[in-house]
Amino acid sequence: MTRENWTSSIGFILASAGSAIGLGNIWKFPYMAGENGGGTFVLVYVLCVAFIGLPVMCGEMLIGRHTRRNVINAMGKIERLSGQPRVRFVLSVLSAGMAVAFATMHAWLPVALALFGVWAFARRGFAALGWVCTAVALAILSYYAVVGGWIVDYIWRSVSGTLAPAAAEGAAVTEVAEAAGTVFSGYVANPWRVLVGFLVFMALTGVVLLGGIQKGIERMSKVLMPALFVLLLVVIARSVTLPGAGEGIRFLLMPTAEAFTPKVVLMALGQVFFSLSLGMAITVTYGSYLHKEHNILRAAGWVGVLDTLAALLAGLAIFPAVFAVGLEPSEGPGLIFGALPAVFDAMWLGPLWATCFFVMLLIAAVTSSVALLECGATVFIERWRRGHKRGSRRHAVAVGFALCTLLGLLAVFSTAGWGGCEAAGKAAALCMGELAHDSWFNLLDNFASNWCLPFTALCITLLVGWAWGSRRAAPELLAADEAGTFPAWLPRLWGFLIRWVSPVGIILVFLYVSGFLGA
């Protein structure tokens, strides 16, 4: 069974952009911007993408394309090429540091995992880190698909005209928004209805992956990514033409000095990791299917531009409408499912605009969920061999689907709290200490996004920038650039960023989320 490749650079760019453009851009970015100063958050976010996110993304692409293997074998091979066996000691020290941080929060299960990591990194090195990246990707998909299920349900509500709750004639938009928030809370408290949307979303993800790289992921990306931007533009066209929309545009695009705080910087930096899908093994996996003649700098640049553009367009689709109807931009995670139904209800042809918006959101979610599941599927295909034959894609997708679905059931039945599974809630409080949250959904989101992703991203910067060496890796950035499009100093700048700037930024995020750095 030969290894598949992307058929074209545009296919790889659209697939990689699809993996990055997801709920982090359309759902999380707008409410993060709303809570953290609007234009100030956007400016800091763009700078973090350019100087911290893109260097790490290029490093992950380099690992994948140079080795053309799954993330576990790829990281192991790069470590062997580095010729620096003592780099494993650094990984073990970092894992021990994580154990100490978790111990201060009485999170005993993460302490045990971190101590096991000390041994695993000392014995297997970066191959063990590949296993961590794969596990994190599948864990994120397990609760990510729950939000995908919410979107499926809200598409049905939009089509059927039941998105906004019935309100008295002449009711204020704020009253409709409050009622919509109550409806959403009641919806997530009904695990059986949430389960239906969750299973539909997981099924969509699995069906795409069964088609493989070219006929599944690449074909889907070439259709859905342009459709995503078209739908964004359609919703924006309606949003910015509402009376009073200008205030929302200014809020999103105009930075203010008083909103600039250390917390905004750290929140924006943390959002970069989630939004660009760094540390999840996605870019390593997608890069492993990339031909040598495709230029990594160009591909990473386009992915970064498209990802950031999608986030900004999502803000332009949401904030002008929110301000136009007099709602607050700092609604938090409920902005999409609470406030927006009231916004659409106040529009002419509201159900049509709502349907366009939630279909757009579903496209973004599916392109990312496919990438998350592909990380695990590639590992299962290439490491579960029978003799000299690789495992089948059908079996690999089935295993990944089953693992994510089973783990996702905890998120489904605890989204509204631990009331539906009290035993699991008590176990979480005992094992996770201060990391425990009011639900498995929030617990896993916090642990994966705020702890695991920065840790794996930091280790990748050390592998590429220090172990492999930015000088040895940098020439590959200019491969397939016969026309000399990129200046010769650009790889040197990338080497400086991935060796110094990116690790320092990641460490600051660690110190912030662990409480050692006040902001």
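The values are calculated or read from the model by the stated rules, or taken from the named source; none is laboratory data. Worth saying up front: this structure is predicted, and the values here are computed from it rather than measured. Cβ: placed from backbone, ideal geometry, glycine included. Neighbour counts: every protein chain shown.
Which number in (1) out of contact with any Ser or Thr (no Cβ under 8 Å at 6 or more places or on another chain); (2) farther than 22 Å from Val513 by Cα; (3) in contact (Cβ under 8 Å) with a residue 12 or more places away in the chain; (4) surrounded by fewer than 20 Cβ atoms within 10 Å (Cβ to Cβ) marks the one condition that Glu175 misses?
Of (1) out of contact with any Ser or Thr (no Cβ under 8 Å at 6 or more places or on another chain); (2) farther than 22 Å from Val513 by Cα; (3) in contact (Cβ under 8 Å) with a residue 12 or more places away in the chain; (4) surrounded by fewer than 20 Cβ atoms within 10 Å (Cβ to Cβ), only one is false for Glu175: (3).
Consider Val196 carefully, then state whether it is free of Cβ contacts under 8 Å to residues at least 40 places away in the same chain, within 29 Å of Leu373 (Cβ to Cβ) and either aromatic (Phe, Trp, Tyr) or surrounded by fewer than 19 Cβ atoms within 10 Å (Cβ to Cβ) (or both).
No, not satisfied.
Just the residues that are free of Cβ contacts under 8 Å to residues at least 24 places away in the same chain and outside any helix (DSSP H, G or I), please, taken from segment 199-212.
Gly211
The rows are residues; the columns are (1) under 23 Å from the mean Cα position of the chain (by Cα); (2) outside any helix (DSSP H, G or I); (3) of a type outside the set (A, V, I, L, M, F, W, C); (4) buried (at least 16 other Cβ atoms within 10 Å of the Cβ).
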site	(1), (2), (3), (4)
Gln214	yes, no, yes, no
Arg219	yes, no, yes, yes
Lys222	yes, no, yes, yes
Ala227	yes, no, no, no
Leu233	yes, no, no, no
Thr241	no, yes, yes, no
Gly248	no, no, yes, yes
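For segment 82-133, name all the residues that are on the phi < 0 side of the Ramachandran plot, surrounded by fewer than 18 Cβ atoms within 10 Å (Cβ to Cβ), out of contact with any helix residue (DSSP H, G or I) (no Cβ under 6 Å at 6 or more places or on another chain) and of a type in the set (Gly, Ala, Ser).
If the condition is that a residue be on the phi < 0 side of the Ramachandran plot, surrounded by fewer than 18 Cβ atoms within 10 Å (Cβ to Cβ), out of contact with any helix residue (DSSP H, G or I) (no Cβ under 6 Å at 6 or more places or on another chain) and of a type in the set (Gly, Ala, Ser), then Gly97, Ala112 are the ones that fit.
I'd like the full set of residues that are under 10 Å from the mean Cα position of the chain (by Cα) and of a type outside the set (D, E, K, R), limited to segment 11-30. Let's see the steps before the verdict.
Going through segment 11-30, the residues under 10 Å from the mean Cα position of the chain (by Cα) turn out to be 19-25, 28.
Of everything in segment 11-30, those that are under 10 Å from the mean Cα position of the chain (by Cα) and of a type outside the set (D, E, K, R) turn out to be Ser19, Ala20, Ile21, Gly22, Leu23, Gly24, Asn25.
Search segment 395-417 for residues being outside any helix (DSSP H, G or I) and touching a helix residue (DSSP H, G or I) at 6+ places or on another chain (Cβ under 6 Å), and hand back the single one that is farthest from Thr134 (Cα to Cα).
In this case the residue turns out to be Ala416.
Does Tyr143 meet the test of being over 19 Å from Ala281 (Cα atoms) and buried (at least 22 other Cβ atoms within 10 Å of the Cβ)?
No; evaluated as a whole, the condition is false for this residue.
Any chance segment 272-285 includes a residue that's in contact (Cβ under 8 Å) with a residue 24 or more places away in the chain, under 13 Å from Leu43 (Cα atoms) and not basic (Lys, Arg)?
Kept after step one, since they are in contact (Cβ under 8 Å) with a residue 24 or more places away in the chain, are these residues of segment 272-285: 272-285.
Keeping just the survivors that are under 13 Å from Leu43 (Cα atoms) gives 272.
Checking the rest, the ones that are also not basic (Lys, Arg) come to 272.
Looking for residues that are in contact (Cβ under 8 Å) with a residue 24 or more places away in the chain, under 13 Å from Leu43 (Cα atoms) and not basic (Lys, Arg), one finds at least one in segment 272-285, hence yes.
Looking at this structure, is Thr182 polar (S, T, N, Q), outside any helix (DSSP H, G or I), out of contact with any Leu (no Cβ under 7 Å at 6 or more places or on another chain) and at negative phi?
The answer is no for Thr182.
Which pairs do you get when a residue that is modelled with pLDDT of 90 or more, found in segment 241-260, comes within reach of a residue that is among the aromatic types (Phe, Trp, Tyr), reach meaning Cβ atoms under 7 angstrom, with the pair 6+ apart or on two chains?
From segment 241-260, the pairs are Glu247/Phe323; Gly248/Phe319; Gly248/Phe323; Phe251/Phe319; Phe251/Phe323; Leu252/Phe319.
What helices (runs of 4 or more DSSP H), lying completely within segment 1-108, carry at least 3 residues that are more than 27 Å from Val265 (Cβ to Cβ) and among the small types (Gly, Ala, Ser)?
Those helices (runs of 4 or more DSSP H) span 9-20, 71-82, 87-104.
Of all residues in segment 213-240, which are closer than 19 Å to Glu374 by Cα, among the hydrophobic types (A, V, I, L, M, F, W, C) and in contact (Cβ under 8 Å) with a residue 40 or more places away in the chain?
Those that are closer than 19 Å to Glu374 by Cα, among the hydrophobic types (A, V, I, L, M, F, W, C) and in contact (Cβ under 8 Å) with a residue 40 or more places away in the chain: Ile213, Ile217, Met220, Leu224, Met225.
Among the β-branched types (Val, Ile, Thr), touching a helix residue (DSSP H, G or I) at 6+ places or on another chain (Cβ under 6 Å), closer than 30 Å to Arg492 by Cα and buried (at least 23 other Cβ atoms within 10 Å of the Cβ): is that true of Val284 in this structure?
yes
So, in segment 425-457, exactly how many residues are more than 28 Å from Ala128 (Cβ to Cβ) and either of a type in the set (D, E, K, R) or over 24 Å from the mean Cα position of the chain (by Cα) (or both)?
Total meeting the criteria: 4.
From Met280, Met347, grab the single residue that is part of a loop (DSSP other than H, G, I, E, B), at pLDDT 85 or above and in contact with a Leu (Cβ under 8 Å, 6 or more places away or on another chain).
One residue alone meets the criteria, Met280.
Find the residue count for segment 14-47, including only residues that are among the β-branched types (Val, Ile, Thr) and at pLDDT below 90.
2
Using the structure shown, decide if Glu175 is at pLDDT below 75, more than 30 Å from Gly64 (Cβ to Cβ) and out of contact with any strand residue (DSSP E or B) (no Cβ under 7 Å at 6 or more places or on another chain). Working first, answer last.
Working: at pLDDT below 75: no; more than 30 Å from Gly64 (Cβ to Cβ): yes; out of contact with any strand residue (DSSP E or B) (no Cβ under 7 Å at 6 or more places or on another chain): yes.
For Glu175, the condition - at pLDDT below 75, more than 30 Å from Gly64 (Cβ to Cβ) and out of contact with any strand residue (DSSP E or B) (no Cβ under 7 Å at 6 or more places or on another chain) - is not met.
Given the criterion touching a Ser or Thr at 6+ places or on another chain (Cβ under 6 Å), hydroxyl-bearing (Ser, Thr, Tyr) and on the phi < 0 side of the Ramachandran plot, identify the matching residue among Ser19, Ser8.
Answer to the selection: Ser19.
If we keep just the residues of segment 43-77 that are buried (at least 23 other Cβ atoms within 10 Å of the Cβ) and more than 29 Å from Ala128 (Cβ to Cβ), which is nearest to the chain's Cα centre (by Cα)?
Per the stated criteria, the residue is Tyr45.
Could you tell me which residue of segment 320-343 is nearest to Arg157 (Cα to Cα), considering only residues that are touching a Ser or Thr at 6+ places or on another chain (Cβ under 8 Å) and of a type in the set (A, V, I, L, M, F, W, C)?
Restricting attention to segment 320-343, the residues satisfying the condition of being touching a Ser or Thr at 6+ places or on another chain (Cβ under 8 Å) are 320-321, 324, 326-327, 342.
In the following step, the residues that additionally are of a type in the set (A, V, I, L, M, F, W, C) were identified as 321, 324, 327, 342.
Details: Ala321: 20, Ala324: 23, Leu327: 22, Ala342: 13 Å.
Here the residue is Ala342.
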